[in-house]
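Just so you know, all these numbers are worked out from the coordinates, no wet-lab data involved. Note that the structure is a prediction, hence the values are computed from the model and not measured. Positions of Cβ are generated from backbone atoms using ideal geometry, with glycine treated the same way; all protein chains shown enter the neighbour counts.
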Amino acid sequence: QQKLQYGAQYTGKRTDAAMNKWRSNRFGQFIHWGLYAIPGGVWNGKTYNYAAEFLKSSAKIPTSTWDSLMYQFNPVKFNAKEWAKMAKKMGAKYMTITTKHHEGFCLWPTKFTEFNISHTPYKKDILKELVEAYNAEGIDVNFYYSVLDWHHPDWRYDIKSAEDSIAFRRFLKFAADQLRELATNYPTVKAFWFDGTWDNSIKKNGWWTLEVEKMLKEVRPGAIVNSRLRADDFGKRHIDSNGELMGDYESGYERRLPNPYKDLQVTKWDWEACMTVPENQWGYHKDWSLSHVKSPLELLEMVVHTTSMGGNFLLNFGPAGDGSIRKEEQNIAAEIGAWMQANGHVIYNCDYAGWEKQDWGYYTKQKGSNTLNLVVFNVPVSGLLKIKAPAGTRFKTKQGLEEIAKDQYLFHMPIQLYKVPQVIILETESNSGSGDKYQEAKT
Ligand SMILES: COc1ccc([C@H]2[C@H](O)[C@H](O)[C@H](C)N2C)cc1
């Protein structure tokens, strides 16, 4: 343990109302929308199969050429209310929007750079339209903000000279001014999703990352920041040099999930996984035939998997340059939404149950209740679900449950074809399952 000036500000989970709401939301919609949605991964007739929001670097496009895309940004099919209705139907409780991605183009009329929505043919404040439309549907809105900024002349990947540090100090003031502007002008924002913070220039300025965290929480009491913002005194990111999580939740799971049998350490803190529908496309790409496209049921399993380990799941949508939502994404919203409509109670305000993971699927538990939710994805050919209960558990539910040994049960599922994951609710006696102090002798 060493004294850190810019390390974690507290340990353990936040339990204030704002964080409890963030946690209970569980399922959110990520939206990546910017100038990159106009070319959609294709440049001068050539299709680039790397992530579409990186086309500027994949196709080695000069900044001046890329930036002139601003004069083409005119999403005639954009309808914030329609997007919000679709997200509502999907069962998303929050939405995280890219206010500014690495390209540096801002979806709001910021005072601090001309490279923003007000200088496009569209002109209007897209961020305001989205915040109002989603909030009207009862969906919380969070802001993604990339510190990395390919457009800004004072951005530096590293600090190698006095000139670099003078320029980068100007840049850090620019970014802090933009963040203060976002937190001030859009007062219903709940959380900030920082990205583009992996370069040495940021790692050498951990002080700034703490200053931004403090500023946002001053301007917007209750505001939530992800661990990806933070670097400590020694440039250590996410987890400080004393092993403590920085920020309010861990945001390292990008296009991957913790192993539900082994990575149980994640249940000790708040965390969020973010996921693409194709293998690796966050911004709109014209050609989705280039990789596997996850099905609604694959994605639904990820939602349940994440809730079962006490995390939030952020599913990405990449609207086209004209503001339309592609059919695959519309279908995902409809199919996941249908299941969430009927079974959202095993996701919202649910958490890690602490029961031993079984192959048939996942356990979730409603906070502070005695009901145990079983979400079955893999129905065994025997129809018998193996359940290993914490020592001393007593069940109220009798239907379908067969005790075969101490704390060992089989739940009998009717043998039939199941088209969607099945939910089984088991009631336990309130004071049971506390677990005997001593393990029963094995022989
Ligand atoms: C180089 O590896 C990267 C860098 C940045 C990313 C960005 C994506 O553009 C998207 O915004 C994702 C959330 N973020 C980590 C992804 C992979």
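Observations on the model:
- Distance between the pseudo-spin-label points of ASN259 and ALA17 (7 Å out from Cα toward the beta carbon): 4.2 nm.
- The antiparallel fraction among DSSP beta bridges confined to segment 146-276 stands at about 20%.
- Whole-number percent relative contact order across the chain, with pairs defined as alpha carbons under 8 Å at least 6 apart: 18 percent
- Summarised as an ellipsoid, segment 188-238 has semi-axes of 21, 11, 7 Å, derived from the eigenvalues of the Cα gyration tensor scaled by 5 and square-rooted, with the largest first.
- Magnitude of the charge dipole for the chain, about its Cα centre and with charges confined to Cβ atoms of Lys, Arg (+1) and Asp, Glu (-1), is about 300 debye.
- Summing charges over all other residues whose Cβ lies under 14 Å from the Cβ of ALA338, with Lys and Arg as +1 and Asp and Glu as -1, gives +2.
- Mean-position separation - Cα centroids, segment 282-302 and segment 315-348, in angstrom: 12 Å
- Positive-end residue, the chain charge dipole about Cα centroid, Cβ charges, pick of GLY28, GLY368, LEU69: GLY368
- Secondary structure note: in the chain, about 50% of the DSSP beta bridges are antiparallel.
- Centroid-to-centroid separation of segment 1-51 and segment 124-191 [C-alpha atoms, Å]: 13 Å
- Partner lysines for LYS268 [C-alpha distance under 17 Å; skip if fewer than 8 residues away on the same chain]: LYS13, LYS357, LYS365, LYS367
- Each Lys and Arg contributes +1 and each Asp and Glu -1, all at the Cβ; summed about the Cα centre of segment 181-309, the dipole is approximately 60 debye.
- Near ASP233, once Lys and Arg are set to +1 and Asp and Glu to -1 for all other residues with Cβ below 13 Å from its Cβ, the sum equals +3.
- Each of LYS56, LYS111 was scored by other Cβ atoms within 10 Å of its Cβ. Arranged with the fewest first, they read LYS111, LYS56.
- Helix-only mean residue ellipticity at 222 nm for the chain, each DSSP H run of n ≥ 4 adding -39500 (n - 2.57), per residue, nearest 500: -7500 deg cm²/dmol
- Normalised contact order of segment 156-278, rounded percent, pairs of Cα under 8 Å and 6 or more residues apart: 19 percent
- Mean separation of Cα contacts under 8 Å, 6 or more apart, over the residue count of segment 285-368: relative contact order %: 32 percent
- For MET275, MET302, MET90, order by how many other beta-carbon atoms lie within 10 Å, fewest first: MET302, MET275, MET90
- Sorted by Cβ density within 10 Å, fewest first, the residues MET340, MET215: MET215, MET340
- Estimated FRET transfer efficiency (LYS173, VAL293; beta-carbon r; R0 45 Å; 0.05): 0.60
- Annotation: extensible slack from GLN2 through ASP154 equals 51.4 nm (criterion: 0.36 nm per residue apart, minus Cα-Cα distance).
- Local electrostatic count, ASP263, Cβ distance below 12 Å [Lys/Arg +1, Asp/Glu -1]: +3
- Within segment 243-283, GluC sites (Glu not before Pro) in DSSP loop having at most 16 other beta-carbon neighbours inside 10 Å: GLU279
- By the equivalent-ellipsoid construction on the alpha carbon gyration tensor, segment 251-356 comes out with semi-axes of 27, 16, 11 Å, ordered largest to smallest.
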